[in-house]
Amino acid sequence: MHPIPLVATTRGYPDTGKVIENVHAGSIAVVDVRGRLLYAGGDPHYPTFTRSALKPFQALPFILSDGPARFGLSRDELALLCASHSGEDKHLEGVQSILNKIGLDPGHLECGCATPLFYEFTGEKPPQDRSWTPLHHNCSGKHSGFLAWCRLHGAATRGYVEPSHPLQGAIRSTLAEAVGMPAEQMPTGIDGCSAPNYAMPLSKLAHLYARLAQGARDPQLGGAMGQLCDAMTARPDLVSGTARTDLAWMTAGGGDWVAKIGADAVQAIGIRSAGLGIAIKIADGNPRALHPAVYGVLEQLGLLNEERRALLEPYRQPPIRNARGTLAGDIRTLFTLAPAPDSGP
């Protein structure tokens, strides 16, 4: 199987109609809590680098070691361990609080420096006289959790992003056990924040989120999954930020949906009440195609009532405007989910 056309962009005048200009292919997997494939688009087992959609599960070794209780981390701080935050004050204060509790400072973070995502997503211009630190990087919450694991286990804090570090070994083995795959079958790459990232079939990522949404009811990782899911759904604004899609999906879900985006157009969502996990990958990595695709999946699965449609309308068929603000086209879905009789790769 191969990715299929999922989303198109159009261009045209109102009186002559819109013509498709670009097509973005991709794949979709929808599974139940047992990992059984229910619906698919394209290749539901497409090998996919999980990127930031992996963040909750990269926190598992710390959670399983009772790290939050040992350091007195709050639920809000646990949400930041799973975050691709926007660098707003509440995000920076939360990450700094974690670092204070483990006795370290932002200089120990090995994620690099980056302009806060707040400016990209709100359209505000970043101040010209401001310099950025690793604290502002959208992955600084995840990295503070990495450092917390190191402090908890007496491991070196320097070089914690290296694949050979004990932390990364713990993450890799815990993840492999969670997805039921040999670790050597999960290709490893370097993520944008310098930490190792892993590829897996899209259906496996969907299954992780089906389980995460069940929280403490997960038979394998119940308590840890419960802490992570509760934190993410309680504070989606900390997991993402102003004008961000994960905030929109989880707000619309009202505590029933847990969502995490990944770079290069990866999205995973778990639906607790329906017992579903959803994973989507746009093959060319273009994020503008991802959000209408997510809306389309939620709609086709019957998960959008009138209130949710109203909240998520901006993502259904986003307009394309030129520099003058003139409507030039839109972004629209092309796919129909197909029932899938098989139960996995």
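Quick notes on this structure:
- Extension reserve of the Ser97-Ser131 stretch, reckoned as 0.36 nm per residue once the Cα distance is removed: 10.2 nm
- With contacts taken as Cα pairs under 8 Å at a separation of at least 6 residues, the stretch 293-345 carries a relative contact order of 30 percent.
- For the chain, taking a cut-off of 4.7 Å between Cβ atoms, the unpaired cysteines are Cys82, Cys113, Cys150, Cys229.
- Here each label is just a point 7 Å from Cα along the line to Cβ, and for Val19 and Ala234 those points are 5.5 nm apart.
- From helices alone, the chain scores -10500 deg cm²/dmol at 222 nm; the rule is -39500 (n - 2.57) for each run of n ≥ 4 DSSP H residues, then divide by the residue total.
- Non-local lysine pairs in the chain, meaning eight or more places apart or on different chains, with alpha-carbon distances under 13 Å, amount to 4.
- Full extension of the chain between Asp66 and Ala310 gives 83.8 nm of extra length, using 0.36 nm per residue less the Cα-Cα distance.
- Per-residue HN-Hα couplings for the stretch 279-289 [Karplus 6.51, -1.76, 1.60; θ = phi - 60°; Hz; x = Gly/Pro]: 9, 10, 9, 7, 4, 8, x, 7, x, 5, 7
- If R0 is taken as 51 Å, the Cβ-Cβ distance between Arg321 and Asp105 corresponds to a FRET efficiency of 0.75.
- Counting other Cβ atoms within 10 Å as a rough exposure proxy, the listed residues Ile331, Ile28 run Ile331, Ile28 from fewest neighbours to most.
- Computed over the stretch 1-114, the range of Cα coordinates on each principal axis works out to 62, 40, 23 Å, biggest value leading.
- Placed amide H near Tyr160: partners under 5 Å, 5+ positions off or other chain: none
- Counted by Cβ distance under 12 Å from Ile320, the other residues give a net charge of +3, where Lys and Arg count +1 and Asp and Glu count -1.
- Note: relative contact order over the chain, using C-alpha pairs below 8 Å and six or more positions apart, is 25 percent.
- The angle between the Cα long axis of helix 222-234 and the main principal axis of the chain comes to about 60°, on a 0 to 90 degree scale.
- Placing unit charges on each Cβ (+1 for Lys and Arg, -1 for Asp and Glu) gives the chain a dipole about its Cα centre, and among Gln267, Gly296, Asn286 the Cα reaching farthest toward its positive end belongs to Gly296.
- Loop sites here are trypsin sites (Lys or Arg not before Pro) outside DSSP states H, G, I, E and B with no more than 14 other Cβ atoms within 10 Å. The longest part of the chain free of them is 159-323.
- The length gained on full extension between Cys113 and Ala216, counted as 0.36 nm times the residue separation minus their Cα-Cα distance, comes to 33.6 nm.
- Note: relative contact order over the stretch 200-327, using C-alpha pairs below 8 Å and six or more positions apart, is 21 percent.
- For the chain, a Gaussian network of Cα nodes joined below 10 Å ranks Pro314, Pro106, Pro292 by mean-square fluctuation, and the top entry is Pro314.
- Per-residue Cβ neighbour rank within 10 angstrom, fewest leading, Ser144, Ser84: Ser84, Ser144
- Which labelled figure in (i) 16.0; (ii) 25.5; (iii) 17.5 is mean projected area of the Cα convex hull in nm², once derived from the coordinates: (iii)
- Binning the alpha carbon pair distances of the stretch 259-345 at 10 angstrom intervals from zero yields the distribution 15, 43, 32, 8, 2, expressed in whole percent.
- With respect to the chain, whose longest principal axis is taken over its alpha-carbon atoms, helix 140-153 is tilted by about 30°.
Where a number appears in this text, it was derived from the coordinates with a stated rule and is not lab data. It should be emphasised that the depicted structure is a prediction, and the values quoted were computed from it without experimental measurement. In this analysis, Cβ positions are derived from the backbone assuming ideal geometry, glycine residues included, and neighbour counts consider all displayed protein chains.
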